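Enquirer: Supplied in C-alpha cells, the structure appears directly below.
The values are calculated or read from the model by the stated rules, or taken from the named source; none is laboratory data. Nothing here was measured: the structure is a model prediction, and the numbers come from that model. As a convention, Cβ positions derive from the backbone with ideal geometry for all residues, glycine included, and neighbour counts pool all protein chains shown. Side chains included, ligands, DNA and RNA excluded: accessible areas come from the protein's heavy atoms. Shrake-Rupley method; radii C 1.70, N 1.55, O 1.52, S 1.80 Å.
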Amino acid sequence: MSIKQKIFNIYRKNQIKKHELNYLFWECTLRCNLNCLHCGSDCLKTSGVPDMPVADFAKVLDDIKAKNSAKHMTICITGGEPLIRNDLEEAGKEIIQRGFHWGIVTNGMLLSPKRFVSLLNAGMTSISYSIDGFEKEHTYLRVNPSSYKHVCDAIQMTVDFQKQYGNRLIFDVITCVHKNNLGILRELRQDLINRGVSHWRIFSIFPEGRAAQNDLSLTKEEYKQLMDFIVETRQYKDEKGRSIHLNYSCEGYLGKYELKARDFFFFCRGGINVGSVMCDGSMSACLSVRSPDFIQGNIYGDTAGTDKQEVTVSFMDTWNNKYQNMRDRSWAKHGKCENCKQWKNCLGNGLHLHHDMKCEVAHCNYEFLK
C-alpha cells in the first residue's frame with residue numbers, strides 16, 4: 001500500500017466518523033421522456049409514483065438547514081427527467097433561499113433557450129448532460145432518434161453561455177460506456193473538444209433496473225481498454241494543444257489505476273457525505289442505491305403511499321441516527337471480499353453493486369483489472 005493510499009484511508013476513516021452531509025440527491029420525478037436501455041430506475045413516460053410536491057421537499061430543506069453542520073450544501077435535482085416538471089424554478093428558489101447550491105442532470109430533450117435562462121434566473125449553478133457517442137450510438141442507448149440533436153443543442157447553448165459568463169455555471173457531459181460505443185471514444189473525445197466541452201465523466205453500466213435486462217456490461221478485456229483510454233485522455237492534447245479533463249465515475253477500487261483514471265482515490269461516500277430523497281419519500285444514499293436493505297426510512301412515515309402523505313420524519317434525525325450499514329461495511333466482507341488483500345482500500349466496492357447485505361458484490365472492478 002502506498003503512503004498516499006495510507007494517508008487517504010486515515011482521511012476516509014475520519015470522514016466516516018464525522019459523516020457530514022454535504023450532497024443531497026432529490027429524485028423529483030420518476031417520469032421520463034426517453035426509454036433508455038441502461039436506465040437503473042426503469043423510468044417511463046408515466047409513473048405509478050406521483051411527483052413529490054416542492055412544498056414537501058422544502059420541509060426537508062428546512063430540516064437540513066436547521067440541523068446540519070456542513071458549511072456547503074449542494075442539491076442535485078434528478079429523476080427520471082427533471083425538466084418534465086414545470087416547477088423546477090420554484091424548487092430552485094427554495095434551495096437558494098436556504099443558502100444551498102443546486103444543479104440538475106438532464107437528457108437535454110426539453111432544454112429550450114427560454115427554459116435555460118429561467119433555470120439560471122432561479123439560481124442553478126451546475127448542469128450535466130448525457131451523451132453516449134455520435135447519433136448512431138446515442139440513439140441506440142436512448143431509443144429516440146431526436147435525442148442526439150437535442151443534447152448537442154443543449155451542450156452548445158451551455159458552452160456559449162460559459163464563454164460569455166465564465167464559471168457562473170459548472171457543467172460536464174456524462175458518457176455511459178458499453179460494448180457498442182467503446183470503439184468510438186477517441187472520435188467522441190475530439191468531437192467534445194471541438195465543441196468546447198472542458199469536463200467529461202465516463203461511467204460503466206451496472207446491471208440494475210432496465211440495464212439488468214440488456215447485455216451492456218463490458219468484458220474484463222474491454223474494461224481494461226476503457227481504463228487505458230481514460231489514462232491516455234487525461235494526458236492528451238490535440239494538434240491545437242486543446243484537452244478535456246476526464247474522470248472515471250466513483251465506482252470501484254481500481255488498483256494500479258487509482259489516481260490515474262480519476263482525480264481522487266475510490267471512496268463510496270453513500271451515507272457518509274451523500275444522501276438522497278427518492279420520489280416516494282424514501283431516504284437512501286445516491287439514487288443508484290435502491291436496495292431495501294439500504295433504505296433508511298421515509299419522510300412521510302406512516303402516511304407513505306397514502307392519498308394524504310405528510311412529511312412527519314426528520315431527514316437529519318434519520319441521517320444522524322441511522323445509515324449505520326453504510327458507515328460500517330464489515331457486513332460486505334464475505335465471498336470474494338472475505339480474503340481480499342485490498343479490502344482496506346475498497347471496503348466492498350460501491351453500495352450500488354450490492355443487491356442486499358447478504359449477496360456477494362455484483363462485480364469487482366479490481367478483479368477485472370488484475
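Enquirer: Placing one identical point scatterer on every Cα of segment 317-370 and ignoring solvent, what is log10 I(q)/I(0) from the Debye formula at q = 0.12, 0.22, 0.30 Å⁻¹?
Expert: Per q value, in the given order, log10 I(q)/I(0) is -0.28, -0.82, -1.33.
Enquirer: Can you sort SER282, SER126 by 1.4 Å-probe accessible area, starting with the largest?
Expert: The ordering from most to least exposed comes out as SER126, SER282.
Enquirer: Per residue, how large is the accessible surface of segment 229-369? Use a 1.4 angstrom probe and give square angstrom.
Expert: That works out to 45 Å² for each residue.
Enquirer: Let me check against my output: what whole-number percent is the relative contact order of segment 230-370, with C-alpha pairs under 8 Å and at least 6 apart?
Expert: 22 percent.
Enquirer: Would you kindly work out the equivalent ellipsoid of the chain from its C-alpha gyration tensor and give its semi-axes, the square roots of five times the eigenvalues, largest first in whole Å?
Expert: 29, 28, 20
Enquirer: Here's something else I'd like to know. When all protein chains stay in place, what accessible area (Å², nearest 10, 1.4 Å probe) is found for CYS346?
Expert: 30 Å²
Enquirer: For a quick check of understanding: with a 1.4 angstrom probe and all protein chains in place, what accessible area in square angstrom does ASP153 have, to the nearest ten?
Expert: Counting only protein heavy atoms, the figure is 80 Å².
Enquirer: For GLU222 and ASN321, what is the calculated FRET efficiency with R₀ set at 45 Å and r taken between the beta-carbons, to the nearest 0.05?
Expert: 0.55
Enquirer: Please give, to one decimal in nm, the separation of the simple spin-label points placed at ASN180 and LEU110, each 7 Å out from Cα toward the Cβ.
Expert: 2.6 nm
Enquirer: Need the full-extension length gain, GLN5 to SER198, defined as separation in residues times 0.36 nm minus the C-alpha distance. One decimal, nm.
Expert: 66.7 nm is the gain from fully extending GLN5 to SER198.
Enquirer: I would also like to ask the following. Set the Förster distance to 45 Å, then compute FRET efficiency between GLU338 and GLN97 from the Cβ-Cβ distance, nearest 0.05. Before the final figure, lay out each step's value.
Expert: Working: r = 49 Å, r/R0 = 1.09.
That pair, GLU338 with GLN97, gives E of 0.40.
Enquirer: I would also like to ask the following. Restricting to Cα pairs below 8 Å that are 6+ residues apart, what does the relative contact order work out to for segment 77-201? Please round to a whole percent.
Expert: Worked out over segment 77-201, it gives 24 percent.
Enquirer: How much accessible area per residue does segment 152-194 have, counting only protein heavy atoms and a probe of 1.4 Å, in square angstrom?
Expert: Ligands and nucleic acids excluded, the figure is 45 Å² per residue.
Enquirer: Under the definition of Cα pairs under 8 Å and six or more residues apart, what whole-number percent is the relative contact order of the chain?
Expert: Contact order relative to length: 18 percent.
Enquirer: So with the 1.4 Å probe, I'd like the accessible area per residue for segment 1-129, rounded to whole Å².
Expert: 47 Å²
Enquirer: Given a Förster radius of 35 Å and the C-beta distance between TYR140 and ARG168 as r, what FRET efficiency does 1/(1 + (r/R0)^6) yield to the nearest 0.05?
Expert: 0.50
Enquirer: Still on this structure, please answer the following. Please state, to two decimals, what the Cα-based radius of gyration of segment 38-178 comes to when divided by 2.2 N^0.38 Å (N = residues).
Expert: Ratio of Rg to 2.2 N^0.38 Å for segment 38-178: 1.11.
Enquirer: At 37 °C and a viscosity of 0.692 mPa s, what translational diffusion coefficient does Stokes-Einstein give for segment 251-370, taking Rh as the Kirkwood radius over Cα pairs? Give it in µm²/s as a whole number.
Expert: Result for D is 212 µm²/s.
Enquirer: Between rounded, prolate and oblate, where does segment 103-198 land on the alpha carbon gyration tensor, with a ≥ b ≥ c its root eigenvalues, rounded for a/c under 1.5, else prolate if a/b exceeds b/c? Intermediate results must be reported in sequence, preceding the final value.
Expert: Details: a/c = 2.27, a/b = 1.62, b/c = 1.40.
Prolate, because a/c is 1.5 or more and a/b exceeds b/c.
Enquirer: Applying the Karplus parametrisation 6.51 cos²θ - 1.76 cosθ + 1.60 with θ = phi - 60° to the phi angles of segment 280-296, what ³J(HN,Hα) value in whole Hz is obtained for each residue in order, glycine and proline being reported as x?
Expert: Result, rounded to whole Hz: 8, x, 5, 10, 8, 8, 5, 6, 7, 8, 10, 5, x, 4, 10, 6, 9.
Enquirer: Sticking with this one: Leaving out ligands, DNA and RNA, and with a 1.4 Å probe, what % of the accessible surface on the chain is carbon or sulfur?
Expert: The computed percentage sits at 52.
Enquirer: Right, here's the next one. For segment 52-68, take each phi angle, set θ = phi - 60°, evaluate the Karplus expression 6.51 cos²θ - 1.76 cosθ + 1.60, and give the result in whole Hz per residue in order, putting x for glycine and proline.
Expert: Whole-Hz 3J(HN,Hα) from phi for segment 52-68: 6, x, 4, 4, 5, 5, 4, 5, 5, 4, 4, 5, 5, 4, 6, 10, 8.
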